[in-house]
Amino acid sequence: MSPPVIWNREGEIAVITIDSPPVNALGHAVRAGLLECALAAAADEAVKAILITCAGRTFIAGADIREFGKPLVEPLLPDVINQIEALNKLVVAAIHGTALGGGFEVALGSHYRIAHATAKVGLPETRLGVFPGAGGTQRTPRLCGAEVALRIMGPGAPMAATQAVKHGLIDEMTEGDDIRSAGLAYCQKLIETKAPIRRSSEDTAHLGDAKNTSLFETLEAEFAQKFKGEVAPQQCVRSVREGLALPFAEAIANERKLFLELMDTPQREGLIHAFFSDRQVSKIPEAKIGQARPLNCIGVVGGGTMGAGIATACLLANIPVVTIERDQAALDAGRERIDAALVGAVKRGKMTQEHKDALMNRSWSGSTDYAALADVDLVIEAVFENMDVKKSVFAELDKYCKAGAILASNTSYLDVDEIAASISRPKDVLGLHFFSPAHVMKLLEVVVAKESANDVVATAFALAKKLRKVAVRAGVCDGFIGNRILGNYLKCAYYMVEDGVSPYQLDRAVKAFGYPMGPFEMGDLAGLDIGWATRKRKADTLDPRERTVAFIDKICEQGWFGQKTGKGFYAYEKGVRGGTERPEVLAIIEASRAEASITAKSYSDEEIVERYLSALINEAANVIEEGIALRPLDVDQTSLYGYGFPRWRGGPMKYADMVGLSKVVENIERYAKEDDYFWRAAPLLKKLVADHRNFDSLNQV
Ligand code: 3H9
């Protein structure tokens, strides 16, 4: 195996090349190699400048985050960068691809920086629950001032090299194909012009920012609002504020101390789990075997909220769409919905008016005749959620779509196997469960039916990628992964309310945990009639042992369906954000509690959250054991991207691992004393506890 870092001399210039695929992350071997090469090159008397470059598709993508949480092995990155900056030979970083986190910190510790015009740079560490801890919180504000630095590091979004030039973080740009040659030429120019060695750590221009108390207070408040519950952005502000007032060496020591505090947080563990799950979730067996089919044009049956949202999502990804509706009036209404959603994209600056017009005029067409779907590669049926209606649509698709076209149903709970079995080509059928609004929500459940062909599943994942959505593979069952689990923790919420908790306390407790909304606010937003219809549909099949609560249906019987009727659990006023609590709702709950002869109990916020999440985790364990979800991480991703689970907790299965599975089982067994039908610890949970394993051990398969 060749070493990940080598150097060679080209005239007066030493070229250090880092070659550690896939992204040149700064693992131990790279750190050690970089330092060794830099010291050796500097010791060569013939060398006047040292150029740091990377092989492959990118400059260094940052510290190797697989090493986080493991014992530290020297040389540590801050020391490597400090020693490189201290060299008495010119050091130049030549950036292509992305220079992120520790990678950009290596560049900031170099004396000059050249970047390809297409490169991106940034300090995204807060997205992983830490902050730039290899001098980034000190060198960046010294170069561009505290405010600009914190607006880069707080949100952690990468920026174009052109933007970095404006902030003085990059010195030179090149558009040529070869970054190495451009770097060599730049070094040559610096040597010839006798450019001085210029260390970011010695830049004093912005040290005065340390006294700008109001700036730091403003940013703290802004980040607290924007990154609710997250500690890393706040700690980043602290490191900059304290560090600018200190001599550089002390500032770096302070940065290190604050960085190591972050490394020890569950938030860091949760966010890094989410980072890797983002990449694992699309690794599914079918995608390894099946080759995605072409996706040049998509049909959508239905122009209602869901169908229009799906059509908009495809158009936003520049995929032409044919919408089918049953009559001209419905088609016109569908067209208007799509148009309005695209106007929204123009207003938000996501596209120009011209582009929007071109999409509507050239990429979208509509028809009331299924024959218009003859050439599409994939059709998504988004009609009324009823098996007979869906089957009749699929019969038409079977008749008119070309051989090889994929036929997908956007159902949220119906049996996709039954739909598939009703036509002549079941292998081409699968479920694509979008979340509303479909052009905004990131989650797409790909429901793999018994007969779905591998290449059909692979195509669904390719579609999600084009739509910039997160596809999660799900099996067939009522509610698939997300709604099935949701159904269980909603029941738990209803039980707690009937037992004495106010829905408002429950919503507040769940929000304090990190969800953007509580279940009752969410019900009001989605429409309480949806759950009502589901409960009616399932009423006949309920096990007699299952506890039912009356208040939720009584609220629906009043015609209070939530935001769309102005009243639900909360009261809504036009033009006012959010709702207000309603004594009438509490009265209905009290009455139904009395009817069920329940004496109200009180629960602490902590107990509310513990029960709510126990119900989630327990049903999720069943979903995993039954193979509905491939791995625990698939449940985590579903919860993060479709149900508002706080990313910094990693996902509910990661959270369960951090709480400890034996504690989860212990809680469930305690609750089972009240209701041993609802609270039955999932066999998988018990098995993992008995084997001293956690959910994460099932992600590794
Ligand atoms: C840091 O730097 C801390 C310092 O301030 C202080 C230290 C003291 N480490 O995303 P892709 C893997 S924190 C380890 O699919 P793309 C990734 O898991 C770091 N592995 O490619 C995947 O593996 P697999 C701050 C990493 O082209 C493979 O590489 N830096 C790392 O779509 C390909 O990745 C960041 O937060 C890593 N740092 O996107 C940047 N990065 O093939 C994180 C990637 O087994 N990285 N992998 O699934 C990224 O944002 C993207 O990977 C990047 C490439 C944009 C670079």
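The values are calculated or read from the model by the stated rules, or taken from the named source; none is laboratory data. These numbers come from a predicted model, not from an experiment. Counting neighbours? That spans all protein chains shown, and the Cβs are built from the backbone with ideal geometry, glycine included.
It is to be established whether one or more residues within region 63-78 are aromatic (Phe, Trp, Tyr), over 28 Å from residue 178 (Cα atoms) and surrounded by fewer than 21 Cβ atoms within 10 Å (Cβ to Cβ). Yes, because at least one residue in region 63-78 is aromatic (Phe, Trp, Tyr), over 28 Å from residue 178 (Cα atoms) and surrounded by fewer than 21 Cβ atoms within 10 Å (Cβ to Cβ). Of the helices (runs of 4 or more DSSP H) lying entirely inside region 117-217, those containing at least 3 residues that are in contact (Cβ under 8 Å) with a residue 40 or more places away in the chain and farther than 30 Å from residue 266 by Cα are 136-144, 161-166, 179-192. Residues of region 550-590 that are without any contact (Cβ under 8 Å) to a residue 40 or more places away in the chain and aliphatic (A, V, I, L, M): 555, 571, 576, 587, 588.
If you take the residues in region 272-290 that are of a type in the set (A, V, I, L, M, F, W, C) and near the ligand (Cβ under 10 Å from one of its atoms), which one is nearest to residue 82 (Cα to Cα)? Ranking the qualifying residues of region 272-290, first place goes to 272. With respect to being more than 14 Å from the ligand (Cβ to nearest atom), crowded, with 24+ Cβ neighbours inside 10 Å and farther than 25 Å from residue 238 by Cβ, residue 165 falls outside the description. For residue 232, the stated conditions do not hold, so it cannot be described as touching a helix residue (DSSP H, G or I) at 6+ places or on another chain (Cβ under 6 Å) and under 26 Å from residue 51 (Cα atoms). The selection criterion, being in the same structural domain as residue 523 (by TED's automatic domain parsing) and under 26 Å from the mean Cα position of the chain (by Cα), holds for residue 630. Figure legend. Inter-residue proximity from region 482-500: first residues outside the structural domain of residue 531 (by TED's automatic domain parsing), second residues among the acidic types (Asp, Glu) and surrounded by fewer than 20 Cβ atoms within 10 Å (Cβ to Cβ), beta-carbon distance below 6 Å, spacing 6+ or different chains. No pairs are indicated. Summed over region 88-116, the residues that are more than 19 Å from residue 189 (Cβ to Cβ), part of a strand (DSSP E or B) and not aliphatic (A, V, I, L, M) give a count of 1. Filtering 40, 32 for residues that are outside any loop (DSSP other than H, G, I, E, B), within 16 Å of the ligand (Cβ to nearest atom), surrounded by fewer than 22 Cβ atoms within 10 Å (Cβ to Cβ) and in the same structural domain as residue 124 (by TED's automatic domain parsing) leaves a single hit, 32.
Consider residue 336 carefully, then state whether it is more than 29 Å from residue 392 (Cα to Cα) and out of contact with any Ser or Thr (no Cβ under 7 Å at 6 or more places or on another chain). Criteria not met by residue 336. Scan region 210-231 and tell me whether some residue there is surrounded by fewer than 18 Cβ atoms within 10 Å (Cβ to Cβ), within 16 Å of the ligand (Cβ to nearest atom) and closer than 19 Å to residue 125 by Cα. Within region 210-231, none of the residues are surrounded by fewer than 18 Cβ atoms within 10 Å (Cβ to Cβ), within 16 Å of the ligand (Cβ to nearest atom) and closer than 19 Å to residue 125 by Cα. Pick out the one residue from 97, 103, 109, 69 that is of a type in the set (Gly, Ala, Ser), more than 10 Å from the ligand (Cβ to nearest atom), in the same structural domain as residue 193 (by TED's automatic domain parsing) and under 20 Å from residue 4 (Cβ atoms). So the residue among 97, 103, 109, 69 that is of a type in the set (Gly, Ala, Ser), more than 10 Å from the ligand (Cβ to nearest atom), in the same structural domain as residue 193 (by TED's automatic domain parsing) and under 20 Å from residue 4 (Cβ atoms) is 109. Checking the structure you have, find out if any residue of region 390-409 is farther than 27 Å from residue 478 by Cβ, among the basic types (Lys, Arg) and in contact with a strand residue (DSSP E or B) (Cβ under 7 Å, 6 or more places away or on another chain). Within region 390-409, none of the residues are farther than 27 Å from residue 478 by Cβ, among the basic types (Lys, Arg) and in contact with a strand residue (DSSP E or B) (Cβ under 7 Å, 6 or more places away or on another chain).
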